[in-house]
Amino acid sequence: MKEGSIWAVYEQRLRRVSAYIHDHLDEELDLDRLSAIACLSPHHWHRIYRAVHGETLAATVKRLRLHRAAGDLVSTTLSVEEIARRTGYPNLQSFNRIFKSVFGMPPALYRRDGSHTVFQSTNGKGLGGMYDVTMKTIAPRELIGVSHTGSYMGVGRAFETPGGTLQARQLFRPDMKMIGVYLDDPDLVPEDKLRSFACVTGGVDVPAKAPLVHRQLDGGDYAVLRHKGPYADMHKAYQWLYGEWLPISGRAVRDTVVFEEYINNPRDAAPTELLTDIYLPLK
């Protein structure tokens, strides 16, 4: 089998394993099970996975479960004990210790004082003067990626595809930036019908071969808010940007998509250090 054909097979297996991990986070996900899904021996599969994704399978599973746990703490009323069990830690002390090592505070304190509280205020009037919004004019950008339908918190699953596919096809470049394009308002559209795209820049140089598709971002004026912290917290930043900043900005929203540019990589950066630029299009 030619080298290109071999990597085409590996590419399909990478997508299959990634989808399985995201769909079965509540189950036991050991190396033997995931290797069987990839139809390769654990010895070889783990090396291929790490070479393409830059982290071990165990690190991927731990990262995804803890990110989901942070989202549960922010957006649900589940008890910390329930979230710990869902994350794979029946021992609450172990969960508290692991969560604190990643997020800088134990889960109960994170629920009360995490980075999502930055955009809240005690008087309900917002904290508009304390946050910087930068005005930028950008040129149109050609992206390449995949579509996603469902919860925006689940778009991380879609991001595994362009990264892994481009790596497997030896088309990924270090200057490519991760871009998330969000088409619907989660307060208006049912969660299972939310539409988004998980993309990288530099699509003009990459052929749109399935599962990848091209998408273009409009150029023009944007208000850019930099969010620091876990992705699960960003809905508060959106509420502040639309509800507090926009009414006093003197600007009107332009009829094109909001997008996010991810400044660092969740595989490399702690959740509390993740940087995301939210681009709001303006007339």
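Taking Leu194, is it under 30 Å from Met105 (Cβ atoms), buried (at least 16 other Cβ atoms within 10 Å of the Cβ) and outside the structural domain of Thr76 (by TED's automatic domain parsing)? Yes, satisfied.
Tell me whether the stretch 105-114 contains one or more residues that are more than 13 Å from His67 (Cα to Cα), of a type in the set (Ser, Thr, Tyr) and modelled with pLDDT of 65 or more. The answer is no; no qualifying residue exists. When the stretch 141-179 is filtered for residues that are closer than 17 Å to Val204 by Cα, surrounded by 21 or more Cβ atoms within 10 Å (Cβ to Cβ) and not hydrophobic (A, V, I, L, M, F, W, C), the ones remaining, listed by number, are Gly145, Pro162, Gly163, Thr165. The selection criterion, being modelled with pLDDT under 80, outside any loop (DSSP other than H, G, I, E, B), in the same structural domain as Pro140 (by TED's automatic domain parsing) and under 23 Å from Tyr279 (Cα atoms), holds for Val204.
Going through (1) loosely packed, with under 14 Cβ neighbours inside 10 Å; (2) in contact with a strand residue (DSSP E or B) (Cβ under 9 Å, 6 or more places away or on another chain); (3) part of a loop (DSSP other than H, G, I, E, B) one by one, Asp184 falls short only on (1). Examine the stretch 186-198 for a residue that is within 15 Å of the chain's Cα centre (by Cα) and of a type in the set (Phe, Trp, Tyr), and state whether such a residue exists. Within the stretch 186-198, one or more residues are within 15 Å of the chain's Cα centre (by Cα) and of a type in the set (Phe, Trp, Tyr).
Candidates in the stretch 26-57 are the residues that are assigned to a loop (DSSP other than H, G, I, E, B) and hydroxyl-bearing (Ser, Thr, Tyr); of these, the one that is farthest from the chain's Cα centre (by Cα) is Ser41.
The values are calculated or read from the model by the stated rules, or taken from the named source; none is laboratory data. Quick caveat: nothing in here was measured; it's all calculated off a predicted structure. Neighbour counts are summed over all protein chains in view; Cβ atoms, including those assigned to glycine, are modelled from backbone coordinates with ideal geometry.
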